[in-house]
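Peer 1: Sharing a structure below in structure tokens format, with a few things to ask.
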Amino acid sequence: MTYVVTVDTCIPEGTPELDPLQRAGAVALIEDGFDSVKAVEGPDGVEVGLLDTIVAVHPGGALLKVVVDAPALEFAEDSVHVLVDELLERTELLADWTIERCEVELHQELARESLDAADGPDAPPEDPAARKARHTGSPPTEGAAVGHEAEAKATAVRDRMLGLADELRSFPLTVFGVPDEEDGPDEEDTEDAGAGRVAVPRDSARLAAGALVCATGTLVDELFEDLQVLTQEDTTVAECDGPLWHLERLPDRYALQYDARFARRFLVTAIAMTTRFTDGSFRRPSCVAEEIALKLLLDQAAMTLELHGLLDEAVSAALDFFARHVYEDMTHEWLYDDSLDGIAEDAVGAALGVAPMAFRTWFTPFDRGRYVHPSSADEPEGVESKPPN
């Protein structure tokens, strides 16, 4: 069976963060290490096949996605842990790195389908409350008890998001609409004189920031699952029969070009962009692909907040403030306008006075000062970056 193992590795505590050149070097070292391995011996001598890998290095380490063919989940996790540990140990420049996490993340949709297909006297009840009662030995909760449980979960999610807000190091709360004062007012009806809009309360801004951090993990994991589906089916989004999380929400006009290679580059782009969000180095989106990835991230954050009843007017306003600040313009939105399908993208870009929006330029930096991850910036020959401003 095929498993996707997620591995978080970290540089030694107390050492300086990796600069862009060091990150590019680490990518090359780790990828070379994986390329030298076709299979690894798991527990009890069971051979585990190495099918695919994705390496995304950030200032504090690397996020690895390792696809293996193993007889069981435990074999997959144990084998990948041994493989990565040995890879780091035998690479002198990475020998002091540590593994913080090594686990399989199951595709939620496929897992749900498996449970729905279960049959027989031992199959779990369809009703969630009944399933819970079956395990706890208590009768199914109803009415107020169910509502109380949902409220408690929403409170826990809210607390977690507020705790993650400080991880978004590239953005002060003013980016989310909080007044530019050291101890700005928290009243919702306070006017932001600079923008003529209602200022956002500090807690609402922090909730929006934490939601973006939460959404980052979900987006990256689900994009990887999309990549896995396209790789297994060897097809494009337009022709894919399997469940997809996000890639089918990209502009429809290019659906036949969203293959596994594109999905890999888009995933790495999303990781590189959100890494800059949290390490404090983000300035502006680097390319069209990042602008689209940011749109998916904002949608994911809003969806998570709404799911738990946390997307009120103030939090929604905070996300709107954030989007207006981060995007230089919203011209990428016209890619979703089907009425413009067939019109030359370069011609539209020239008419609007913005960077080219053609599909072949999605991973091309807007200018030489923008950062695009080496694994996604592999443009075909003849495609040049936009000249620097």
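Peer 1: Picking from Tyr336, Tyr371, which residue would you name as being within 26 Å of Val57 (Cα to Cα), at pLDDT below 95 and of a type in the set (Phe, Trp, Tyr)?
Peer 2: Tyr371
Peer 1: Residue by residue through the range 3-55, note down the ones that are closer than 17 Å to Cys102 by Cβ and of a type in the set (S, T, N, Q).
Peer 2: Thr6, Thr9, Thr53
Peer 1: How many residues are part of a helix (DSSP H, G or I), under 17 Å from Gly61 (Cβ atoms) and of a type in the set (S, T, N, Q) if we restrict to the range 253-300?
Peer 2: So the count comes out to 3.
Peer 1: Which pairs turn up if I take residues in the range 257-280 that are closer than 18 Å to Arg360 by Cβ and look for partners that are of a type in the set (Asp, Glu) and assigned to a helix (DSSP H, G or I) with beta carbon separation below 7 Å, at least 6 apart in sequence or on another chain?
Peer 2: Ala263/Asp226; Thr269/Glu290
Peer 1: Anything in the range 255-294 that is small (Gly, Ala, Ser) and surrounded by fewer than 22 Cβ atoms within 10 Å (Cβ to Cβ)? List them, or say none. Outline the logic, then answer.
Peer 2: Taking the range 255-294 first, the residues small (Gly, Ala, Ser) are 255, 260, 263, 270, 272, 280-281, 286, 289, 293.
Listed by number, the residues that qualify are Ala255, Ala260, Gly280, Ser281.
Peer 1: OK, next. Which of the residues that make up the range 91-121 are surrounded by fewer than 12 Cβ atoms within 10 Å (Cβ to Cβ), at pLDDT 90 or above and in contact with a helix residue (DSSP H, G or I) (Cβ under 9 Å, 6 or more places away or on another chain)?
Peer 2: Scanning the range 91-121 gives a single hit, Ala95.
Peer 1: Which members of the range 301-329 meet the condition of being part of a loop (DSSP other than H, G, I, E, B) and within 22 Å of Gly217 (Cβ to Cβ)?
Peer 2: Matches in the range 301-329: His308, Gly309, Leu310, Leu311.
Peer 1: What do you reckon, is Met273 within 22 Å of Gly369 (Cα to Cα), modelled with pLDDT of 90 or more and hydrophobic (A, V, I, L, M, F, W, C)?
Peer 2: On the way: within 22 Å of Gly369 (Cα to Cα): yes; modelled with pLDDT of 90 or more: yes; hydrophobic (A, V, I, L, M, F, W, C): yes.
So Met273 passes the test.
Peer 1: Within the range 1-60, can you find the residues that are modelled with pLDDT under 90, in contact with a strand residue (DSSP E or B) (Cβ under 8 Å, 6 or more places away or on another chain) and in a loop (DSSP other than H, G, I, E, B)?
Peer 2: Those that are modelled with pLDDT under 90, in contact with a strand residue (DSSP E or B) (Cβ under 8 Å, 6 or more places away or on another chain) and in a loop (DSSP other than H, G, I, E, B): Met1, Leu18, Val37, Lys38, Gly42, Gly60.
Peer 1: Right, something else. In the list Leu219, Leu207, which residue meets the criterion of being crowded, with 23+ Cβ neighbours inside 10 Å, under 17 Å from the mean Cα position of the chain (by Cα) and either at pLDDT 95 or above or part of a helix (DSSP H, G or I) (or both)?
Peer 2: Leu219
The values are calculated or read from the model by the stated rules, or taken from the named source; none is laboratory data. Because the structure is a prediction, the values reported are computed rather than measured. Neighbour counts run over all protein chains shown; Cβ positions are idealised from the backbone, glycine included.
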